[in-house]
Every structure is written in C-alpha cells, then in structure tokens.
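Below you'll find the structure, written out as structure tokens, and then a few comments.
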DNA sequence: CGTGGTTACATAACAGTGTTACTAAACCGT
DNA sequence: ACGGTTTAGTAACACTGTTATGTAACCACG
C-alpha cells in the first residue's frame, strides 16, 4: 500500500536522538543543526520534521532522554536502612549524571538552546525523578532524621543546592575535582545539619 | 581628516547594549540578532562589528552590564550591625535582580545563547560581586554567627543555594510568588542554621 | 577654493540555519 | 502489470552571523 520505511520507526528515532546527543556533547549547541543530525544518521532533514515536527521536537526528545538517564541513575541508587545516606547517594548520582552528560544537563536545567524551552508536557516528565527525591526525604522525616517541615519543601532545598553546585561546577567555578568534592560534602553537611531534628 | 562619527562612540555603544537588553527581555534570545539591534538603534550591522567585533562581543558587554546591575544592587544593601541580616538582604537583592532582569540573569549564570560563553576576562568581572558576599560571610564568622570553616566555602554554599533557587523560580518550579517566598525563607533558614556555630 | 586622502557608514553579498513545498521512488492491493 | 498511497530526498524560502564593497563626509593641504 505504501513505500516502506527504510529503517524501523523507533530505531531511526533513537539514531537521531543519539546523534543529537553526540553532537551536543562533542561540539556544543552551536553545531546542532537539523542538517547535521540528518547527515550523521544517513538521512535527510525530512526525517527530523516528520518524526519530531520541529527542531524543538528533537530537542524535546533529547531533553526527555536526559531525564531518562537521570531516572536510571536514581534507580541504581540502593535503598538502605540509612535514609540520610541514601539521600546523599542520590545527590552523588545527580552530580555524576550531570558530569557525564554536561550538555544534556544544560538542556535539562539550563536554557542553552533558544529554539527550545520545556513545555508543560515535557516538564511533567520531570516529576518521577523528583518524586524519588521527595520519597527519600519523606523517609528521613519518618525516621526522625529531619524535622518535619514537609518532605516536599525539604526536597526543594536539596534540589536547589544540588543544582546550584552543579551549575557552579560545570562552569568551572568550584576549582579542581578535589575542591569540588570538598564543596559538595561541606554544602550538604551544612544543609542536612540545618534540616536535622 | 576623516568622516566624523554620527553619534558619540560611548553613547552608540550604550544604545546598542540597551537595545540588546530590551530585545532579550521582551522577546527572548531567539529574537536577538545583529540586524535587529542595529535597526533598533537606527544604524547598521557595521556598528556592532566595529564596536564589538562580534555578536559574541555584544553579548559579552550585555553580560558585563548584568554584573554591573547586580553589583549596584549589592552596593545598595546597607551594612548594619547584624551580619546575618545583611547576608539575607544580599540574598534578597540577588533574587530581586534576577527577577527584574531574567534574561540577563540567564545570560550571566545560565548559558542561553550558544554564540557566547564568558571568557576568562569576563569571568574576572564576576569577582567583585562575589567578594561582597564573601566579605559578608567573613563578618558572620568574625562575630561568631557561623562556625569558621572559612568565609569562602560558606559563600559558595550560599551562592549555590541562591542560584539554585533562582533557577527553579525563573523556571516556574517554585509555584506562585507566595510559595516561592516560603521556599526562599525556609531554604536559607535551614542552611544558615546548619552553618551556625 | 578645489582636491586627495582618510575614515565612517550602509548596502549587499556569502555561507549557513530552520522550515516547507515539491518531486521522485518504492511498495502492495487489485 | 499497474495505480494509489506513503515515504523520503531535493531544492527553495526566509532568516541568521559575517564580511567585502561601495559611497559619503570631513579635513589637510596645495
């Protein structure tokens, strides 16, 4: 009935997203063009527009891919009997993910590409990963580690601190890796101490 | 000896920077083009390239303009006998400046425009405003408000928290203004409590 | 009082971008 | 075999940053 697709719909989709991620990581947002990702995957710009509708659509998928990776990193954090340690482990996972995918991190939490800013639907995908943080905070409250001002406000504070530190570190403002480590541990020590019961 | 300048060198320079700021605030980074700022100031793109060398050069000046405004906001914060109150006032000034100039804030601390990222010289201009924060932290340490882990590490923690909260708020992730206010006060209450002696 | 030289400025061209018509190609039901 | 329908690639449009080219304005000098 119709001309068959050269590649599987899903594989082409993934190839384009991956190519975008590779270009973004290797050469930054300025090099990320529809022609480039199309050429990189051996197809034409039409693919981008039929699959994603838009360059923003492609960026949206890369954005979501970034959150999938973060969610996977969070899921890999074990749930021990020490909720505070779990919380700090989540922070480490957040940081490691940001360092491993700096450009995706910028795409997710910065605003590096003017063509795209997360819509409500995309922002909704953030929720699950944030829920993991809230859940861990809730366990800290339940076990009396933190004073109960609500798990959500606590999560916001930790999130703000983690994001702020990531921003500074990715910008190189936290010195070398040892210094950055020290800033991270000190910062979360202060904050969790202030949150403690 | 030569054709005289239509406008004063400095005034044209300022007009271009202001036009850039206006466009950035009104229509976002996507609308910020050399043709546009030139047209807006009644001149041609040549002015941008002869004065700033580059679009990145114009962005650089806007970036520095943003820091000048932040520095002015910091300078307007009075120095009372209560260093902790002064510190919180600095935080409020930081937040107010970010809310008043959201696109400049993105240019300064986000990475919204791919054509430009702050070079070392521009980054050096950040120092004075950060020094004001370090100084206030130092006074807190001196008066025994904070445990002495060093004024600089303390400033980094406060800076990270402030930037993290600003990012979340500008993204609309902190709810309406009342909720955002609550998050700000709670967060700095926790952090300063954790830093307290 | 011309006139040449030097500088300022504007226009237009170049390469590259996102985006979208248009056209060719390939399959499958008839 | 053939025709209809869907896919995919090409090329065009309007835009971007950037640069080269041409023109206009002034002043020193003859």
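The values are calculated or read from the model by the stated rules, or taken from the named source; none is laboratory data. Since we're looking at a predicted model, the values are computed, not measured. Every residue, glycine as well, gets a Cβ built from its backbone with ideal geometry; the counts of neighbours run over all protein chains shown.
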One residue from B:70, B:58, B:32 being at pLDDT 90 or above, away from DNA strand C (no atom under 14 Å from the Cβ) and within 14 Å of chain A (Cβ to nearest Cβ): B:32
When you check residue B:121 against the structure, is it out of contact with any strand residue (DSSP E or B) (no Cβ under 8 Å at 6 or more places or on another chain) and either at pLDDT below 95 or more than 10 Å from chain A (Cβ to nearest Cβ) (or both), yes or no? yes
Extreme residue, nearest to the other protein chains (Cβ to nearest Cβ), among residues of segment B:161-173 that are closer than 11 Å to residue B:187 by Cβ and without any contact (Cβ under 8 Å) to a residue 40 or more places away in the chain: B:164
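Filter segment B:45-80 down to the residues that are more than 21 Å from the chain's Cα centre (by Cα) and within 8 Å of DNA strand D (Cβ to nearest atom), then identify the one that is surrounded by the most Cβ atoms within 10 Å (Cβ to Cβ).
Residues of segment B:45-80 that are more than 21 Å from the chain's Cα centre (by Cα), as a first pass: B:45-51, B:53-54, B:80.
Within this subset, residues satisfying the condition of being within 8 Å of DNA strand D (Cβ to nearest atom) are B:45-46, B:48-49, B:53-54.
Details: B:45: 15, B:46: 10, B:48: 22, B:49: 15, B:53: 11, B:54: 13.
By that ranking, first place goes to B:48.
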Verdict on residue B:18 being surrounded by fewer than 19 Cβ atoms within 10 Å (Cβ to Cβ), more than 15 Å from DNA strand C (Cβ to nearest atom), assigned by TED's automatic domain parsing to the domain that holds residue B:97 and over 26 Å from residue A:55 (Cβ atoms): no
Which residue pairs have Cβ atoms under 7 Å apart, sit 6 or more places apart or on different chains, and have a first residue in segment A:38-49 that is assigned by TED's automatic domain parsing to the domain that holds residue A:20 and a second that is within 6 Å of DNA strand D (Cβ to nearest atom) and part of a helix (DSSP H, G or I)? A:38/A:45; A:38/A:47
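Within segment B:175-197, how many residues turn out to be free of Cβ contacts under 8 Å to residues at least 24 places away in the same chain and more than 7 Å from chain A (Cβ to nearest Cβ)? Steps first, please.
From segment B:175-197, those free of Cβ contacts under 8 Å to residues at least 24 places away in the same chain are B:175-183, B:185-186, B:189-190, B:193-194; that's our starting set.
From what is left, the residues that are more than 7 Å from chain A (Cβ to nearest Cβ) are B:175-182, B:185, B:189.
Final tally of qualifying residues: 10.
Look at residue A:107 and say whether it is under 14 Å from the mean Cα position of the chain (by Cα), within 16 Å of DNA strand C (Cβ to nearest atom) and farther than 28 Å from residue A:189 by Cβ.
Numbers: under 14 Å from the mean Cα position of the chain (by Cα): yes; within 16 Å of DNA strand C (Cβ to nearest atom): yes; farther than 28 Å from residue A:189 by Cβ: yes.
Yes, satisfied.
Return the only residue of A:22, A:35 being more than 13 Å from DNA strand D (Cβ to nearest atom) and either free of Cβ contacts under 8 Å to residues at least 24 places away in the same chain or farther than 23 Å from residue A:99 by Cβ (or both). Steps first, please.
Working: A:35 fails: more than 13 Å from DNA strand D (Cβ to nearest atom).
Matching residue, one of A:22, A:35: A:22.
Is one or more of the residues making up segment B:75-83 within 14 Å of chain A (Cβ to nearest Cβ) and either more than 25 Å from residue A:31 (Cβ to Cβ) or modelled with pLDDT under 95 (or both)?
The initial filter retains those residues of segment B:75-83 that are within 14 Å of chain A (Cβ to nearest Cβ), namely none.
No, the conditions are met nowhere in segment B:75-83.
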Is there a residue in segment B:95-112 that is within 7 Å of another protein chain (Cβ to nearest Cβ) and touching a residue at least 60 places away in the same chain (Cβ under 8 Å)? yes
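What number of residues in segment A:138-158 are more than 7 Å from chain B (Cβ to nearest Cβ) and part of a helix (DSSP H, G or I)? Please lay out each step first, then the result.
In the first step, residues of segment A:138-158 are kept if they are more than 7 Å from chain B (Cβ to nearest Cβ); the result is A:138-148, A:150-152, A:154-155, A:158.
From what's left, part of a helix (DSSP H, G or I): A:138-142, A:151-152, A:154-155, A:158.
Matching residues across segment A:138-158 total 10.
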